[in-house]
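These notes are about the structure you will find just below.
The values are calculated or read from the model by the stated rules, or taken from the named source; none is laboratory data. Not measured: the values here are computed from a predicted model. Cβ coordinates were reconstructed from backbone atoms using ideal geometry, including for glycine residues, and neighbour counts include every protein chain displayed. Just the protein is used for accessible areas: all its heavy atoms, side chains included, with ligands, DNA and RNA removed. Shrake-Rupley method; radii C 1.70, N 1.55, O 1.52, S 1.80 Å.
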Amino acid sequence: LTSTFGSYETTSISIEGTSSDDLADGIAKVEYSFDNATWTQTSGTQAWSKTIDISSQIDGDKTLYLRATDKAGNISLNTVETFVKDNINPSLVITGYDGTVYKGADFTITGTITDNLNLGATPVTVTAKYGVLDVDLSGNAIGFTGSGTSKDFSQLIPISGGEGVYEITITGSDAVGR
């Protein structure tokens, strides 16, 4: 059995694959289960597929079991696939910046991003604009501390464009990209 889907899923997973038996057209059914006890049939036998609604399942690590049964009633060993169900957006709290502030020099924005499951390696991006020009932040890499479900961050914002309005955008995302 072979199946394909990503490691992080939100509302449904699509599985597809192929199965074979020593006898041509010998496969009677292909099934899947989340508990290795209650089985649901897919569409097709040698080439099979199924879109599975997982929206009602709670977030977290999931295991999907797959098996094939031939026409003689022999059941294959299970193939096991794992994925993470994640439907909850991360939370971003800015602690070192309070919106409209008058600054006369470079300043640092700080905050915390949290997620119920897991954050990616770089879960926060900060961009800055001065008028229509992007402010180059590449020389001031964003710093992260913490791991897993909570990371503190800090970003230096250089005021090199002079006086005027700077627009700061802070975006947070988890390992799913939400």
Could you look through region 137-154, keep only residues that are in contact with a Leu (Cβ under 7 Å, 6 or more places away or on another chain) and at pLDDT 80 or above, and pick out the one that is surrounded by the fewest Cβ atoms within 10 Å (Cβ to Cβ)? Thr149
Can you find even one residue in region 34-54 that is among the charged types (D, E, K, R), under 17 Å from Ser7 (Cα atoms), in contact (Cβ under 8 Å) with a residue 60 or more places away in the chain and open to solvent by 30 Å² or more (accessible area, probe 1.4 Å)? no
Look at region 33-89 and say how many of its residues are outside any loop (DSSP other than H, G, I, E, B) and either within 23 Å of Thr114 (Cα to Cα) or not basic (Lys, Arg) (or both). 28
Of the numbered conditions (1) surrounded by fewer than 16 Cβ atoms within 10 Å (Cβ to Cβ); (2) of a type in the set (D, E, K, R); (3) touching a residue at least 12 places away in the same chain (Cβ under 8 Å), Glu16 fails exactly one; give the number of that condition. (1)
